[in-house]
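None of the figures in this text is laboratory data; all of them are computed from the coordinates on show. In this text, all values refer to a predicted model and were calculated from it rather than measured experimentally. Because the Cβ atoms are built from the backbone with ideal geometry, glycine has one as well, and the counts that use them run over all protein chains shown.
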Amino acid sequence: MKRTKYTEEQIIGILTEHEAGAKCADLCRKHGMSEGTFYAWKAKFGGMTVSDAKRLKALEDENSRLKKIVADLTLDREMLQDVIRRKL
């Protein structure tokens, strides 16, 4: 199945349709996605508003960026410590 990028608004909209009574299989067929994707979204975004989902996405992006910075700084620190050890 072709991978499609859905926005937070689209995901919340699909989950809202399900909460309103639409069947999972019908929604998946209508939007061209697997039931596994639907249930993964439901686990991650269930009960959220669009603003909550956007905030979650922003926090995940920031967390990823900060992890990369920590990894880079850790590598720099290890390299500098290695240089110091060689000089002593």
For region 8-87, inverting the pair-averaged 1/r of distinct alpha-carbon atoms gives a Kirkwood value in Å of 15.5 Å
List nothing, just return the count: lysine pairs in the chain, 8 or more apart or interchain, with Cα separation under 18 Å. 14
Mean separation of Cα contacts under 8 Å, 6 or more apart, over the residue count of the chain: relative contact order %: 28 percent
Measuring from its Cα centre, region 8-87 shows a charge dipole (+1 at each Lys and Arg Cβ, -1 at each Asp and Glu Cβ) which, in debye to the nearest 20, is 380 debye
Ignoring everything except DSSP H segments at least 4 long, calculate the 222 nm mean residue ellipticity for the chain; use -39,500 (n - 2.57) per segment, divide by total residues, nearest 500. -26500 deg cm²/dmol
